[in-house]
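The values are calculated or read from the model by the stated rules, or taken from the named source; none is laboratory data. Worth saying up front: this structure is predicted, and the values here are computed from it rather than measured. Ideal geometry is used to build each Cβ from the backbone, glycine not excepted, and the neighbour counts take in all protein chains shown.
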Amino acid sequence: MTQDARPRPPAETAPAAGGGWLLAMTSLAAVLMTLDITVVNVALPEVAADLDAGLTGLQWVVNAYTLVFAALLLPAGSLSDRMGRRRLFLTGVAVFTAASAGCGAAPGVGTLIACRALQGLGGALVMSTALALIAGAYEGRRRQSAIGMFSAAGGAAAALGPLVGGAVVEGLDWRWIFYVNLPVGVLIVLGTALRVPRDDRAGRLPRPQGRFDLVGLLLAAGSLLGLNYGLVTGPEHGWTSASALLPLVGGALLIAGFVGWETRQRDNALFDVRLLRVPSFSGAIVLSFVCRVVSFGILPYLILWLSGMLGHGPLGTGLRLLAMTAFIMLVAPFSGLLLKVLPTRGVMALGTGITAVGLLTMARVGPDDSWLVMLPGLVLLGIGGAIAFPPLMGIAVGVVPPERAGMASGMTNTFFPLGTATGVAAFGAVFGTRIDHDLDDTRLAALHVPEGMRQQVRDSVAAGQFGQLERALPAGAREPVLDAARSALTAGLATILVAAAVISLLAALVSWTLIRDQDQLTAPEQADVPA
């Protein structure tokens, strides 16, 4: 597909009927889906105690959702172009809500894992169609502002997850982190069914013709499942273990098969690989991956520092992350205003550049500092993400004809969980290596740590288990070892923050190089607030 061959729509029109309701329902769905990913982590200790779940079971409570969600984003997005985005969106919310009820009532960890997998299916149907629905209802600057509001909702939910999860678990019971989804899910279904018109009404949305690419669906789902499974199991079992290496290699081979198959399908393809010739679309995919590597990749280790080393509980940790969340919510809805004075690539480069500055500011942290030293950096992180993310999502759906927006949204969203898994794994390796270096046997021997305890010390520090470490250490070595442990963890955190800053600067370069306004199919728009 060449750029000239892509049909351009007529001059921009007003938002589709029901656009305000659509934006409200999709944003609420983004909150519901994103919040569920983060709140579960807070509840894992209570789940383990109540259901007598071991470490492996708890890992699958998290991974069952992530793996199914990541594997089905692209197939669901492409399928929505044929079946109707509103229909799949409603189906996804209904599946997610029903699965949430199952999670809350789960009598054992096996049932909980199965229902979490169903939540992943519902989440994939919702998140692959929500952005395409917005793209079909808004155009130009109105679209950017609408995506900004949608992004602010999802970003706020991600950062508020530990706070909300902590409040629910401490005030009620772990099962209520799932039960609270029920009224919200019902509200979204009713609001969408009653107030949002069908996306194909009045011929607004033509649908792709020809047979559905079932082989492409299986190849895409299999490859993404393999890659994500390898990435989430590698840090625990080792990257050369069969449980990590075989899925990664298998996923890579299936990707090669997927690309080869899709190249031959052309108009019937699940994903039109000809879009990769459009620089802005390729740039959007790269940036989707990189932005998640940075933002979600550092989050577990930042939480580890706040909770494990500084001793803040789930509520306290969540409250401190509000410094970032608040600016995501405040700035993202207005990111479209910058597009009036800067080209899209300039806005993207500005956002990723501010993120890099924020990360470098945070990297100045020392072992004796309080969380306040992170405050300026957290603010910059929120502002940078709020500026960069909405245009990024607009780019993805703006370079394709309206009837393929689901495919474009699904492909771009597919790289978010891949980026998260890669970031957590890569930064985790760097984090652990720095701690092992700073607490090597020579250093611990000088601190009078018995030889049999040295690996335990390193493992406890890497896991943020300072209370457990303090109880295990001999009285004479306790304070010196804890001082060294705090220095090692802080150094590990600072190292990955610097690495993330470098990656953010590279993202700014990619933005400036690949993103081009002339690749967009939509006409320019003067208004900046969705009607």
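Here are a few things to note about the model shown:
Table: residues versus (1) farther than 15 Å from T34 by Cα; (2) out of contact with any Cys (no Cβ under 9 Å at 6 or more places or on another chain); (3) of a type outside the set (A, V, I, L, M, F, W, C); (4) in a helix (DSSP H, G or I).
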| position | (1), (2), (3), (4) |
| --- | --- |
| L67 | no, yes, no, yes |
| L73 | no, yes, no, yes |
| S80 | yes, yes, yes, yes |
| R86 | yes, yes, yes, yes |
| F89 | yes, yes, no, yes |
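- On the stretch given as segment 419-441, residues that are in a helix (DSSP H, G or I) and more than 27 Å from the chain's Cα centre (by Cα) total 4.
- Here T361 passes the criteria (1) surrounded by 20 or more Cβ atoms within 10 Å (Cβ to Cβ); (2) hydroxyl-bearing (S, T, Y); (3) closer than 24 Å to I147 by Cβ except the one numbered (3).
- Flag if G110 is more than 24 Å from L219 (Cα to Cα) and part of a helix (DSSP H, G or I): yes
- Top-ranked residue in segment 44-61 [being among the hydrophobic types (A, V, I, L, M, F, W, C) and at pLDDT 80 or above; ranked as surrounded by the fewest Cβ atoms within 10 Å (Cβ to Cβ)]: A49
- Only one entry of L482, L506, L444 meets the criterion of being assigned by TED's automatic domain parsing to the domain that holds F296, part of a helix (DSSP H, G or I) and modelled with pLDDT of 85 or more, and that entry is L506.
- Listed conditions (1) farther than 19 Å from G216 by Cβ; (2) assigned to a helix (DSSP H, G or I) are all met by A53, apart from (2).
- Output for segment 99-124, where each listed residue is over 23 Å from the mean Cα position of the chain (by Cα) and of a type outside the set (S, T, Y): A101, G102, G104, A105, A106, P107, G108, V109, G110
- Pick from segment 76-131, criterion among the basic types (K, R) and surrounded by 21 or more Cβ atoms within 10 Å (Cβ to Cβ), ranking: nearest to I177 (Cα to Cα): R116
- Residues being part of a loop (DSSP other than H, G, I, E, B) and within 12 Å of L482 (Cβ to Cβ) - total across segment 447-464: 2
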